[in-house]
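The values are calculated or read from the model by the stated rules, or taken from the named source; none is laboratory data. Not measured: the values here are computed from a predicted model. No Cβ is skipped: glycine too gets one built from the backbone with ideal geometry, and neighbour counts run over all protein chains shown. Ligands, DNA and RNA are stripped out before the accessible areas are found, and what is left, the full protein with its side chains, is counted by its heavy atoms. Shrake-Rupley method; radii C 1.70, N 1.55, O 1.52, S 1.80 Å.
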Amino acid sequence: DYVVVKMIPDNRLPPRHLHAVHTGKTFAVIKWESPYDSPDQDMLYAVAVKDLVRKTDKIYKVKSRNSTVEYTIKKLEPGGKYHVIVQLGNMSKESSMKISTVPLSAPDALKIITENDHILLFWKSLALKESNFNESRGYEIHMFDSLMNITAYLGNTTDNFFKVSNLKMGHNYSFTVQARCLYGGQMCGEPATLLYDELGTGKDPSATKSGRATDVAAIVVPVLFLLLVTLGIGFVVLYMRHRRLQNSFTAFANSHYSSRLGSAIFSSGDDLGDEDDEAPMITGFSDDVPMVIA
């Protein structure tokens, strides 16, 4: 024998297993289960969202018959902190949790340019990748001195650069740039950090420039040296060819030199052509030279 017993639902129980499924910059997806299994009618839930930073409250109504309920809370702020309470509409026992939205991203391409007596921080506008960021909010800059182990707030700006002066020699610094914090520093963007250690050797900042000039010279000087060596080799080759041509001409002239006439004899080129014309030309006979007839 058996008997079927149907329990009377207790609407005073709280929702079960309340948790966050996904959290973004401006929204959060939450999920919970009904106070008891398999509701046989629509259940009205009250979702209260308390902004812990701005100290404001919002209440949303959700109606569902499902055992598992999923709801998206919208119009949140990046980097915010919220307290979420879910209970039945009859103000029964509640379930609660705290969530934090994703903060704004860090600025991209943070760079340092060294000047004579100061440095300049540069970065890309955060509005290029964050639709929820307005340039009028601006950025704030912090500096950490590793030698003194202190962090200093340098100020804020609505530009994409910031001038930093009065840096001490022999100190290493870390600079951070982030979207300006709101409401007493409770709602900030992610920081972009850059280490500045060019003063770590205790030298003047201008020493960095001279070091960079030395690096450039280390490249330019060998190139110029190679050019000079190449030009020198070229002059030597031309000189040797000139000497060979001069020696060849001298040998040629000596082979055509007549000691009797005291000068070199060259053909005019008009009588060149036949082999018979290659015979030496008889110019005359001297009285003191006997003539022999074969």
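Figures for the structure shown
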| item | result |
| --- | --- |
| Count of residues meeting criterion [free of Cβ contacts under 8 Å to residues at least 60 places away in the same chain, polar (S, T, N, Q) and in contact with a Lys or Arg (Cβ under 9 Å, 6 or more places away or on another chain)] in segment 63-104 | 1 |
| So HIS22, is it open to solvent by 60 Å² or more (accessible area, probe 1.4 Å), under 36 Å from the mean Cα position of the chain (by Cα) and not charged (D, E, K, R) | yes |
| Neighbours by Cβ (under 7 Å, 6+ apart or cross-chain): first from segment 41-55, within 20 Å of GLY184 (Cβ to Cβ); second surrounded by 13 or more Cβ atoms within 10 Å (Cβ to Cβ) and of a type in the set (D, E, K, R) | LEU52/LYS81; VAL53/LYS81 |
| Total residues in segment 144-159, condition in contact with a His (Cβ under 8 Å, 6 or more places away or on another chain), modelled with pLDDT of 90 or more and open to solvent by less than 90 Å² (accessible area, probe 1.4 Å) | 2 |
| Segment 67-86, residues that are open to solvent by 30 Å² or more (accessible area, probe 1.4 Å) and on the phi < 0 side of the Ramachandran plot | SER67, THR68, GLU70, TYR71, THR72, LYS74, GLU77, LYS81, HIS83 |
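So that you can scan it fast, the table gives a plain yes or no per residue for (1) of a type in the set (A, V, I, L, M, F, W, C); (2) part of a loop (DSSP other than H, G, I, E, B); (3) over 22 Å from ILE99 (Cα atoms):
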{"position": "TYR36", "(1), (2), (3)": "no, yes, yes"}
{"position": "LYS50", "(1), (2), (3)": "no, no, no"}
{"position": "LYS58", "(1), (2), (3)": "no, no, no"}
{"position": "VAL62", "(1), (2), (3)": "yes, no, no"}
{"position": "LYS75", "(1), (2), (3)": "no, yes, no"}
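Results for (1) in contact with a strand residue (DSSP E or B) (Cβ under 7 Å, 6 or more places away or on another chain); (2) over 30 Å from ASP40 (Cα atoms), shown as yes or no for each residue.
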| site | (1), (2) |
| --- | --- |
| THR56 | no, yes |
| GLY89 | yes, no |
| LEU104 | yes, yes |
| THR114 | no, yes |
| ASP145 | yes, yes |
